[in-house]
Amino acid sequence: MTATLILIVEDEKKIADVIGDYLNAAGFRTSAQNNVDRVISQVKKDPPNLIVLDIMLQGKDGMQLCRAIRQFS
């Protein structure tokens with residue numbers, strides 16, 4: 001059985017790193033994405049079990065991104 005995959009969508013690298021460190025220490029597999037335009041293709045390619053999504057992303061509203069992901073997942 002593979003570890004649960006958690007996708008971290010955060011535009012500030014330090015914050016994404018801290019979140020990732022805590023989740024990895026708890027036994028989760030993580031992937032971080034800071035480019036909003038690549039999130040949807042990444043989710044389609046390797047669907048995560050959970051997404052930790054920053055609401056205030058540069059260039060795009062996190063809620064809009066969430067709605068776009070929910071249309072196909």
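The values are calculated or read from the model by the stated rules, or taken from the named source; none is laboratory data. These figures come from a predicted structure and were not determined experimentally. Virtual Cβ from ideal backbone geometry, glycine too; neighbours counted across all protein chains shown. For the accessible areas, the whole protein counts, side chains as well, though only heavy atoms, and no ligand, DNA or RNA atoms are used. Shrake-Rupley method; radii C 1.70, N 1.55, O 1.52, S 1.80 Å.
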Within the group LYS14, LYS44, which residue is over 14 Å from the mean Cα position of the chain (by Cα) and in a helix (DSSP H, G or I)? LYS14
Which members of segment 35-73 meet the condition of being within 22 Å of THR2 (Cβ to Cβ), without any contact (Cβ under 8 Å) to a residue 12 or more places away in the chain and open to solvent by less than 80 Å² (accessible area, probe 1.4 Å)? SER41
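Residue by residue through segment 17-38, note down the ones that are among the hydrophobic types (A, V, I, L, M, F, W, C), part of a helix (DSSP H, G or I) and at pLDDT 95 or above. Before you say what the answer is, go through the steps one by one.
Step one: list which residues in segment 17-38 are among the hydrophobic types (A, V, I, L, M, F, W, C), which gives 18-19, 23, 25-26, 28, 32, 36.
From the residues that got through so far, the ones that are part of a helix (DSSP H, G or I) too are 18-19, 23, 25, 36.
Those that are among the hydrophobic types (A, V, I, L, M, F, W, C), part of a helix (DSSP H, G or I) and at pLDDT 95 or above: VAL18, ILE19, LEU23, ALA25.
Kindly indicate whether ALA32 is touching a Gly at 6+ places or on another chain (Cβ under 8 Å), surrounded by 14 or more Cβ atoms within 10 Å (Cβ to Cβ) and small (Gly, Ala, Ser). Even if it seems obvious, please write down each step before you answer.
Numbers: touching a Gly at 6+ places or on another chain (Cβ under 8 Å): yes; surrounded by 14 or more Cβ atoms within 10 Å (Cβ to Cβ): yes; small (Gly, Ala, Ser): yes.
Judged against the criteria, ALA32 is a match.
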Of the residues that make up segment 1-21, is at least one closer than 15 Å to LYS60 by Cβ, surrounded by 13 or more Cβ atoms within 10 Å (Cβ to Cβ) and β-branched (Val, Ile, Thr)? yes
